[in-house]
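J.: Below: one structure in structure tokens.
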Amino acid sequence: MSMMGLLFIAASATGAAPQAAIDPATRAALEATCFDYVDGQLEGDPERVARSLHPDLAKRRVLGDTPDERLGLRRMSKEELVELTKQGALKTPKDQWNRSCTVLDVAGNAAAVRAETPWFVDFFHMGKFGDRWVIVNALWYSKPR
């Protein structure tokens, strides 16, 4: 059996969709939404970030146990993220951009996408509403500075 056949069988056994199975137009639309989120923050463009996000965005970062909370999470709303972008919290000269958006899986109108910059990694759940993909949930990791 070929290596490709073995990879397909392995992916099928785990329930993961092989990357080649994602429609190129869907992949491009998901990447465009992801880059609106990432590049919008790096440019300091709040409108670009806002259009990538669902109004009821749930953005979280794992804190762990804190004095006030067991299994603590840092929570952020769409409004808070857009305001931080407006303030230029992650604004970065373009020659320092090192970012990526990787589509991990798609099932109908739901998708998982990974975004990475030198400062953070985000794992997104995206939803398709009509012809538009938006970020519904995000779990992020802040890289050490």
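J.: Are there any pairs, at least 6 apart or on different chains, whose C-beta atoms fall under 8 Å, with the first in region 33-44 and farther than 18 Å from N137 by Cα and the second assigned to a helix (DSSP H, G or I) and open to solvent by less than 20 Å² (accessible area, probe 1.4 Å), and if so, which?
T.: G44/T85
J.: For region 115-128, does any single residue satisfy the condition of being open to solvent by 50 Å² or more (accessible area, probe 1.4 Å) and either under 20 Å from P46 (Cβ atoms) or basic (K, R) (or both)?
T.: Yes: region 115-128 contains one or more residues that are open to solvent by 50 Å² or more (accessible area, probe 1.4 Å) and either under 20 Å from P46 (Cβ atoms) or basic (K, R) (or both).
J.: Hey, could you check region 110-139 for residues that are within 12 Å of S100 (Cα to Cα) and among the aliphatic types (A, V, I, L, M) and say which is modelled with the lowest pLDDT?
T.: Result: V121.
Here is a yes/no grid of residues against (1) touching a residue at least 40 places away in the same chain (Cβ under 8 Å); (2) under 23 Å from I22 (Cα atoms); (3) in contact with a Lys or Arg (Cβ under 7 Å, 6 or more places away or on another chain):
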position: R61; (1), (2), (3): yes, no, yes
position: R99; (1), (2), (3): yes, yes, no
position: A110; (1), (2), (3): no, yes, no
position: K143; (1), (2), (3): no, no, no
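J.: Another question about this same structure. Which members of region 129-145 meet the condition of being over 20 Å from L63 (Cα atoms) and open to solvent by less than 70 Å² (accessible area, probe 1.4 Å)?
T.: Result: G130, W133, V134, I135, V136.
J.: In addition: Restricting region 85-98 to residues that are surrounded by 10 or more Cβ atoms within 10 Å (Cβ to Cβ), over 14 Å from V38 (Cβ atoms) and not small (G, A, S), which is farthest from the chain's Cα centre (by Cα)?
T.: Checking each candidate, the answer is Q87.
J.: Quick check on my filter: what residues within region 30-82 are assigned to a loop (DSSP other than H, G, I, E, B) and open to solvent by less than 20 Å² (accessible area, probe 1.4 Å)?
T.: The one that is assigned to a loop (DSSP other than H, G, I, E, B) and open to solvent by less than 20 Å² (accessible area, probe 1.4 Å): S52.
The values are calculated or read from the model by the stated rules, or taken from the named source; none is laboratory data. For clarity, every value in this text was computed on a predicted model and none was experimentally measured. Counting neighbours? That spans all protein chains shown, and the Cβs are built from the backbone with ideal geometry, glycine included. Surface areas here come from the heavy atoms of the whole protein model, side chains and all, with no ligands, DNA or RNA. Shrake-Rupley method; radii C 1.70, N 1.55, O 1.52, S 1.80 Å.
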